[in-house]
Amino acid sequence: MSDDQPALTIRLASSDDISAINELDRYSNSPTRDIHRDIEKYFGSVDPSTHEHSYIFLAEIAGQAVAKVELMLPSSEAAQQVGYVRRVVVHPAHRGKGLAKQLMQYVIDFARHSGKIHAIDLHVWEGNQAAIRLYERLGFMLQHRELYYRLPLEGDD
(Lines give C-alpha, C1' and ligand atoms only; values in the text may rest on other atoms or scores of the structure.)
Protein backbone atom coordinates (compact mmCIF):
# COMPACT_ATOMS: atom_id res chain seq x y z
CA MET A 1 0.00 0.00 0.00
CA SER A 2 1.34 3.43 -0.79
CA ASP A 3 1.89 6.07 1.87
CA ASP A 4 -1.06 8.18 0.69
CA GLN A 5 -3.59 5.36 1.18
CA PRO A 6 -5.29 4.84 4.55
CA ALA A 7 -3.92 2.02 6.68
CA LEU A 8 -5.40 -1.45 6.45
CA THR A 9 -6.66 -2.94 9.71
CA ILE A 10 -7.36 -6.67 10.01
CA ARG A 11 -9.41 -8.04 12.86
CA LEU A 12 -11.69 -10.88 13.91
CA ALA A 13 -15.31 -10.18 13.09
CA SER A 14 -18.02 -10.19 15.70
CA SER A 15 -21.79 -10.52 15.57
CA ASP A 16 -21.93 -6.73 15.12
CA ASP A 17 -20.32 -7.24 11.68
CA ILE A 18 -23.00 -9.48 10.14
CA SER A 19 -24.32 -6.83 7.77
CA ALA A 20 -20.78 -5.97 6.55
CA ILE A 21 -20.01 -9.67 6.06
CA ASN A 22 -23.22 -10.21 4.09
CA GLU A 23 -22.48 -7.14 1.98
CA LEU A 24 -19.00 -8.43 1.10
CA ASP A 25 -20.37 -11.90 0.32
CA ARG A 26 -22.56 -10.27 -2.36
CA TYR A 27 -19.35 -9.48 -4.29
CA SER A 28 -18.01 -13.02 -4.32
CA ASN A 29 -17.18 -14.40 -7.75
CA SER A 30 -17.88 -17.96 -6.62
CA PRO A 31 -20.57 -19.77 -8.60
CA THR A 32 -21.89 -21.14 -5.28
CA ARG A 33 -22.08 -17.78 -3.50
CA ASP A 34 -25.86 -17.91 -3.35
CA ILE A 35 -26.01 -21.23 -1.50
CA HIS A 36 -27.43 -20.58 1.92
CA ARG A 37 -24.77 -20.95 4.62
CA ASP A 38 -26.71 -23.61 6.55
CA ILE A 39 -27.05 -25.77 3.45
CA GLU A 40 -23.38 -25.37 2.59
CA LYS A 41 -22.46 -26.19 6.18
CA TYR A 42 -23.89 -29.67 5.70
CA PHE A 43 -23.40 -30.23 1.99
CA GLY A 44 -20.27 -28.18 1.26
CA SER A 45 -16.81 -29.50 0.60
CA VAL A 46 -15.79 -29.35 4.25
CA ASP A 47 -17.16 -31.67 6.91
CA PRO A 48 -18.43 -29.39 9.72
CA SER A 49 -17.90 -32.13 12.29
CA THR A 50 -14.14 -31.89 11.71
CA HIS A 51 -13.96 -28.10 11.34
CA GLU A 52 -16.01 -26.75 14.21
CA HIS A 53 -14.13 -23.52 14.92
CA SER A 54 -14.83 -20.84 12.34
CA TYR A 55 -13.23 -17.43 12.35
CA ILE A 56 -14.14 -14.56 10.06
CA PHE A 57 -11.48 -11.94 9.52
CA LEU A 58 -12.31 -8.49 8.18
CA ALA A 59 -9.93 -6.09 6.50
CA GLU A 60 -10.94 -2.49 7.02
CA ILE A 61 -9.86 0.82 5.59
CA ALA A 62 -10.95 3.91 7.52
CA GLY A 63 -13.38 1.75 9.52
CA GLN A 64 -15.10 0.28 6.45
CA ALA A 65 -14.96 -3.48 5.77
CA VAL A 66 -13.36 -3.95 2.34
CA ALA A 67 -12.38 -7.64 2.43
CA LYS A 68 -13.02 -10.82 4.37
CA VAL A 69 -11.91 -14.40 4.70
CA GLU A 70 -13.15 -17.33 6.75
CA LEU A 71 -10.83 -19.81 8.47
CA MET A 72 -12.16 -23.11 9.75
CA LEU A 73 -10.06 -24.95 12.32
CA PRO A 74 -10.48 -28.54 13.49
CA SER A 75 -12.35 -29.33 16.67
CA SER A 76 -9.53 -31.34 18.21
CA GLU A 77 -5.79 -31.02 18.48
CA ALA A 78 -5.06 -34.50 17.12
CA ALA A 79 -1.94 -34.81 15.00
CA GLN A 80 -1.94 -33.81 11.34
CA GLN A 81 -5.07 -31.65 11.46
CA VAL A 82 -5.82 -29.42 8.47
CA GLY A 83 -7.49 -26.00 8.49
CA TYR A 84 -9.65 -24.72 5.68
CA VAL A 85 -9.91 -21.25 4.14
CA ARG A 86 -13.08 -20.22 2.36
CA ARG A 87 -14.99 -17.18 1.14
CA VAL A 88 -12.09 -14.86 0.39
CA VAL A 89 -13.81 -11.72 -0.89
CA VAL A 90 -12.50 -8.24 -1.68
CA HIS A 91 -14.92 -5.43 -2.49
CA PRO A 92 -14.66 -4.66 -6.23
CA ALA A 93 -13.62 -1.05 -5.56
CA HIS A 94 -10.58 -2.33 -3.66
CA ARG A 95 -9.41 -5.20 -5.86
CA GLY A 96 -5.94 -5.18 -7.36
CA LYS A 97 -4.42 -3.34 -4.38
CA GLY A 98 -2.91 -6.33 -2.57
CA LEU A 99 -5.59 -6.51 0.13
CA ALA A 100 -6.31 -10.20 -0.42
CA LYS A 101 -2.60 -10.97 -0.07
CA GLN A 102 -2.35 -9.03 3.20
CA LEU A 103 -5.51 -10.63 4.55
CA MET A 104 -4.44 -14.14 3.57
CA GLN A 105 -0.98 -13.64 5.09
CA TYR A 106 -2.63 -12.50 8.32
CA VAL A 107 -4.83 -15.61 8.36
CA ILE A 108 -1.88 -17.88 7.56
CA ASP A 109 0.07 -16.37 10.46
CA PHE A 110 -2.97 -16.75 12.74
CA ALA A 111 -3.37 -20.40 11.73
CA ARG A 112 0.35 -21.09 12.11
CA HIS A 113 0.34 -19.72 15.65
CA SER A 114 -2.88 -21.45 16.66
CA GLY A 115 -0.91 -24.65 17.13
CA LYS A 116 -3.89 -26.72 16.03
CA ILE A 117 -3.02 -27.46 12.42
CA HIS A 118 -0.13 -28.43 10.17
CA ALA A 119 -1.61 -27.28 6.84
CA ILE A 120 -4.35 -25.17 5.27
CA ASP A 121 -6.56 -26.29 2.40
CA LEU A 122 -8.78 -24.24 0.13
CA HIS A 123 -10.73 -24.62 -3.08
CA VAL A 124 -10.59 -22.17 -5.96
CA TRP A 125 -12.50 -22.10 -9.23
CA GLU A 126 -10.29 -22.86 -12.21
CA GLY A 127 -11.34 -19.64 -13.94
CA ASN A 128 -10.30 -17.46 -11.00
CA GLN A 129 -6.75 -16.91 -12.25
CA ALA A 130 -6.04 -13.93 -9.97
CA ALA A 131 -6.83 -16.02 -6.89
CA ILE A 132 -4.80 -18.97 -8.18
CA ARG A 133 -1.76 -16.72 -8.72
CA LEU A 134 -2.18 -15.28 -5.22
CA TYR A 135 -2.45 -18.66 -3.53
CA GLU A 136 0.56 -20.00 -5.41
CA ARG A 137 2.62 -16.91 -4.46
CA LEU A 138 1.67 -17.55 -0.84
CA GLY A 139 2.98 -21.12 -1.11
CA PHE A 140 -0.21 -23.12 -1.65
CA MET A 141 0.39 -26.14 -3.89
CA LEU A 142 -2.12 -27.81 -6.17
CA GLN A 143 -3.20 -31.12 -4.64
CA HIS A 144 -5.68 -32.33 -7.25
CA ARG A 145 -8.29 -31.14 -9.71
CA GLU A 146 -11.96 -31.87 -9.36
CA LEU A 147 -14.41 -32.10 -12.22
CA TYR A 148 -17.88 -30.71 -11.70
CA TYR A 149 -20.63 -31.98 -13.98
CA ARG A 150 -24.22 -30.88 -14.40
CA LEU A 151 -27.07 -32.42 -16.38
CA PRO A 152 -29.62 -29.74 -17.33
CA LEU A 153 -33.11 -31.21 -17.18
CA GLU A 154 -35.00 -28.23 -18.55
CA GLY A 155 -35.77 -27.94 -22.25
CA ASP A 156 -35.06 -31.60 -23.07
CA ASP A 157 -38.68 -32.36 -24.09
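From the residues in the range 75-93 that are more than 16 Å from the chain's Cα centre (by Cα) and on the phi < 0 side of the Ramachandran plot, which one is surrounded by the most Cβ atoms within 10 Å (Cβ to Cβ)?
If we take residues in the range 75-93 being more than 16 Å from the chain's Cα centre (by Cα) and on the phi < 0 side of the Ramachandran plot, then Gln81 is surrounded by the most Cβ atoms within 10 Å (Cβ to Cβ).
Please state which of the following conditions Val88 fails to meet, knowing it meets all the rest: (1) touching a strand residue (DSSP E or B) at 6+ places or on another chain (Cβ under 8 Å); (2) part of a loop (DSSP other than H, G, I, E, B); (3) modelled with pLDDT of 75 or more.
So Val88 meets the others, but not (2).
Mind checking which pairs have a first residue in the range 1-19 that is exposed (fewer than 10 other Cβ atoms within 10 Å of the Cβ) and a second that is modelled with pLDDT under 90, Cβ under 9 Å, 6 or more apart or different chains?
Ala7/Met1
Please go through the range 92-137 and give me each residue that is touching a Lys or Arg at 6+ places or on another chain (Cβ under 8 Å), assigned to a loop (DSSP other than H, G, I, E, B) and closer than 23 Å to His53 by Cα, ordered by number.
Matches in the range 92-137: His123 only.
Tell me the residue from Leu142, Leu147 that is at pLDDT 90 or above, over 14 Å from the mean Cα position of the chain (by Cα) and farther than 22 Å from Leu12 by Cβ, please.
Numbers: Leu147 fails: at pLDDT 90 or above.
One residue alone meets the criteria, Leu142.
Quick one: Val66 ticks every box in (1) modelled with pLDDT under 95; (2) out of contact with any Phe, Trp or Tyr (no Cβ under 9 Å at 6 or more places or on another chain) bar one, so which box is it?
Tallying (1) modelled with pLDDT under 95; (2) out of contact with any Phe, Trp or Tyr (no Cβ under 9 Å at 6 or more places or on another chain), Val66 fails exactly one: (1).
The values are calculated or read from the model by the stated rules, or taken from the named source; none is laboratory data. These figures come from a predicted structure and were not determined experimentally. As a convention, Cβ positions derive from the backbone with ideal geometry for all residues, glycine included, and neighbour counts pool all protein chains shown.
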